[in-house]
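J.: Following this message is one structure expressed as C-alpha cells.
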Amino acid sequence: MTDIPSVPLPIGFRDVDATAPEACVRCLDCLHQLPAGRAYKARALAALQLVPGCAALDVACGLGDDVVLMVAAGARAVGADCSRTLLAAAQTRHSATAASFQLADAKALPFVSGSFDAVRIDRALQHIAQPELVVKEMARVTRRGGVVLCAEPDWGTFLLGGTHSGVSERIQHDWIRSFQNPWIGRALPDLLSAAGVGELQREEIWLPTHGFAESDLLFGIEDNARKLAAEQPEALDWLEHYRDGEAYAGVLMLISWGRKL
Ligand SMILES: C[S@@+](CC[C@H](N)C(=O)[O-])C[C@H]1O[C@@H](n2cnc3c(N)ncnc32)[C@H](O)[C@@H]1O
C-alpha cells in the first residue's frame, strides 16, 4: 500500500516547488512517453508552422521536452516556467541542445512585445487562476501574424474505465474538481479570440491510457480511491478490481490556435 500524498497532482502543478515535485516529474515523463501523448504533441508542433531561425516560446514548459522538439524543428526556442525545480531538471536534461530556459510567471512574461513568431502553452492553463491573463500575455509577446497555440484537456470528457458505480463516479468527480479550470479545453477558442487572435482552428485528440500504471500516474486514481475509502470503505474493493482488471482511462485534448491580428 502506498501513502496518500498530501497534495493531489492537479493541485501540485499549481506550485510544483512547494508541493510535490517528484510526483509531478513522474507524471510529466509518463505523458511524454505515451504514444497518444506524443501524437497530440506532434500535431500541436506542426500547427505552430515553425521555420528555420524563427523565435518560439513554450509557456509553462515543465521539463522542456517540447522546447527541444521546437529546436529540432529549426526554431530558436525558449521555455518559461515558474518552477525552479522543473527548470533545473530541464536545463540538466537538455544541456546538449540549443534550448534555453527562463524562470517566469505566465501572467507576466519577461519578454518584449511582439518578439516571438510562435508561442504555445500545453496543459498548464488548467492549473492557473485567471487563464485569460496568460493567453493575453502569450498574444502580447507574439508578433502580428505569428501563431498562438493552446493545448489543454477538457475534464468534462474524462473517462474512468472499470466498473461503473457510485464509487467510480465519486473518484471521477473528485479528480475533475481538483483542477483549477476543469473545463478549460472548450474555452480555448474564446480565450484566444478575446486576446486578439484570429483565423482560429481547432482539433480534438483522444488521450487514452492502458493498464494500471500509466492510468494511475496520469490520473491519480489510487490516491483518490484511498482518500474516498475514509468515507466509503468499498472504494478499496473498487480499486482492487480496477487494478486487477483491464484498467484504462482517458481524456480529450483540445488544441486551439490562430494568428495574432
Ligand atoms: C502539467 S505541467 C505541463 C508542462 C509542459 N507544458 C508539458 O506539456 O509537459 C504544468 C506546468 O505549468 C507550470 N505552471 C503552473 N503555473 C504557472 C505559472 N503561473 N507560470 C508559469 N508556469 C506555471 C508548472 O510549473 C508546470 O511545469
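No lab work stands behind these numbers, since they all come straight from the coordinates. Please read all numbers here as calculations on a predicted model, not as lab measurements. A quick note on method: Cβ atoms are made from the backbone with ideal geometry, for glycine too, and the neighbour counts reach across all protein chains shown.
J.: From Cα coordinates alone, what are the radius of gyration and Dmax values for the range 60-173 in angstrom?
T.: When restricted to the Cα atoms of the range 60-173, Rg and Dmax are 16.9, 52 Å.
J.: Suppose R0 equals 22 Å. What FRET efficiency, 1/(1 + (r/R0)^6) with r the Cβ-Cβ distance, do His173 and Leu133 give to the nearest 0.05?
T.: E(calc), rounded to 0.05, equals 0.20.
J.: Also: Please report, to one decimal in angstroms, the Kirkwood hydrodynamic radius of the chain built from all distinct Cα-Cα pairs.
T.: Here the Kirkwood hydrodynamic radius works out to 18.8 Å.
J.: Hey, how much of the P(r) for the range 133-215 falls beyond 17 Å, as a percent of Cα pairs?
T.: For the range 133-215, the share of Cα pairs beyond 17 Å comes to 59 percent.
J.: What number, rounded to the nearest 500 deg cm²/dmol, is the helix-based mean residue ellipticity at 222 nm of the chain, given -39500 (n - 2.57) per DSSP H run of at least four residues and division by all its residues? Mind dumping the intermediate values first?
T.: Numbers: 11 runs with 109 residues, N = 261.
Helix-only estimate at 222 nm: -12000 deg cm²/dmol.
J.: Sticking with the crude label model, points 7 Å out along Cα→Cβ, report the distance from Gln232 to Arg84 in nm, one decimal please.
T.: Result: 4.2 nm between the two label points.
J.: Using a Gaussian network model of the chain whose springs link C-alpha atoms within less than 10 Å, name the residue from Asp117, Asp154, Asp105 with the highest mean-square fluctuation.
T.: The residue that fluctuates most here is Asp105.
J.: For the residues Lys136, Lys260, what sequence is obtained by ranking on other C-beta atoms within 10 Å, fewest first?
T.: Numbers: Lys136 16, Lys260 24.
Listed from fewest to most nearby Cβ atoms, that is Lys136, Lys260.
J.: If I model a spin label at His164 and Glu203 as a point 7 Å from the Cα along the Cα→Cβ vector, what separation in nanometres do I get?
T.: 3.1 nm
J.: Using only Cα atoms, what Kirkwood radius does the range 20-97 have, in angstroms?
T.: 12.9 Å
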